[in-house]
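Note sheet for the following structure.
The values are calculated or read from the model by the stated rules, or taken from the named source; none is laboratory data. Being a predicted model, the structure only gives us computed values, none of them experimental. Glycine gets a Cβ as well: all are built from the backbone with ideal geometry, and neighbour counts include every protein chain shown. When the accessible area is computed, the model is the full protein with side chains, heavy atoms only, and any ligands, DNA or RNA have been set aside. Shrake-Rupley method; radii C 1.70, N 1.55, O 1.52, S 1.80 Å.
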Amino acid sequence: MAEHVYRTGFGYDVHRLEQGHPLILGGITIPSDGIGTVAHSDGDVLVHAICDAILGAGALGDIGTHFPDTDERYRGANSMVLLAEVQQIVSDAGYQIVNIDATIVLERPKIAPYRTSIEDSIRTRLNLGRHDVSVKATTNEQLGPIGAGQGIAAYAVAMLRR
Ligand code: MG
């Protein structure tokens, strides 16, 4: 079978939101009146979805296989460090990241004021160009648990080039 030059991958993650936790997205701490993600790591749901998209594009497993949440080394882990490790994993397999597009789903706070900072944080960590990382945000229109403010989800796609 011929090796494909370009490959796409998809990632999804969700975390519960509770009082007394930080809300960290793309390595940026978002002011959120003390409501943040409950997680073994820093709960950066956006970066977790992006890691899975990158790994998925390379058919290289997922974030759970590389950084198991049963492993004490990853308690409170900075997800941006894991993101850099994921880039190294696909690089070792002969791929470079072309671009990433992601959507965050949560009711509040509004992400729009932090969108550019989040994009800059991710693309800087991955050494990607200005238009190579896109982060969008939407509410869940008050539908379901995410709509009730009980959780936050993120979806991401990534493209790799051999
Ligand atoms: Mg996660």
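Do we have any residue at all in segment 64-74 that's surrounded by fewer than 21 Cβ atoms within 10 Å (Cβ to Cβ) and touching an Asp or Glu at 6+ places or on another chain (Cβ under 7 Å)?
First, the residues of segment 64-74 that are surrounded by fewer than 21 Cβ atoms within 10 Å (Cβ to Cβ): 64-74.
Filter again for touching an Asp or Glu at 6+ places or on another chain (Cβ under 7 Å), leaving none.
No - not one qualifying residue is present in segment 64-74.
Residues in segment 67-83 that are touching a residue at least 40 places away in the same chain (Cβ under 8 Å) and in a loop (DSSP other than H, G, I, E, B): Asn78 only. The residues listed here are Ala102, Ala57; of these, the one that is farther than 17 Å from Glu119 by Cα, at pLDDT 95 or above, surrounded by 18 or more Cβ atoms within 10 Å (Cβ to Cβ) and of a type outside the set (S, T, N, Q) is Ala57. Of all residue pairs spaced 6 or more apart or on separate chains, none has beta-carbon atoms under 7 Å together with a first member in segment 136-162 that is touching a residue at least 40 places away in the same chain (Cβ under 8 Å) and in a loop (DSSP other than H, G, I, E, B) and a second member that is of a type in the set (Val, Ile, Thr) and crowded, with 19+ Cβ neighbours inside 10 Å. Which of the residues belonging to segment 1-28 are exposed (fewer than 13 other Cβ atoms within 10 Å of the Cβ) and of a type in the set (D, E, K, R)? Glu3, the sole residue that qualifies. Which ones in segment 114-128 are in contact (Cβ under 8 Å) with a residue 12 or more places away in the chain and either open to solvent by 60 Å² or more (accessible area, probe 1.4 Å) or not in a helix (DSSP H, G or I) (or both)? Of everything in segment 114-128, those that are in contact (Cβ under 8 Å) with a residue 12 or more places away in the chain and either open to solvent by 60 Å² or more (accessible area, probe 1.4 Å) or not in a helix (DSSP H, G or I) (or both) turn out to be Tyr114, Arg115, Arg125, Leu128.
Here are some residues: Ala84, Ala93. Which one is open to solvent by less than 70 Å² (accessible area, probe 1.4 Å) and over 14 Å from the mean Cα position of the chain (by Cα)? If you could, list the steps in order and put the result at the bottom.
Values: Ala84 fails: over 14 Å from the mean Cα position of the chain (by Cα).
Going through Ala84, Ala93 in turn, the sole match is Ala93.
Can you spot a residue in segment 104-113 that is assigned to a helix (DSSP H, G or I) and either within 17 Å of Val157 (Cα to Cα) or not small (Gly, Ala, Ser) (or both)? So far as segment 104-113 goes, yes, one or more of its residues are assigned to a helix (DSSP H, G or I) and either within 17 Å of Val157 (Cα to Cα) or not small (Gly, Ala, Ser) (or both).
Would you pick out the residues in segment 29-54 that are within 16 Å of the ligand (Cβ to nearest atom), assigned to a strand (DSSP E or B) and either β-branched (Val, Ile, Thr) or loosely packed, with under 15 Cβ neighbours inside 10 Å (or both)? Of everything in segment 29-54, just one residue is within 16 Å of the ligand (Cβ to nearest atom), assigned to a strand (DSSP E or B) and either β-branched (Val, Ile, Thr) or loosely packed, with under 15 Cβ neighbours inside 10 Å (or both), namely Thr37.
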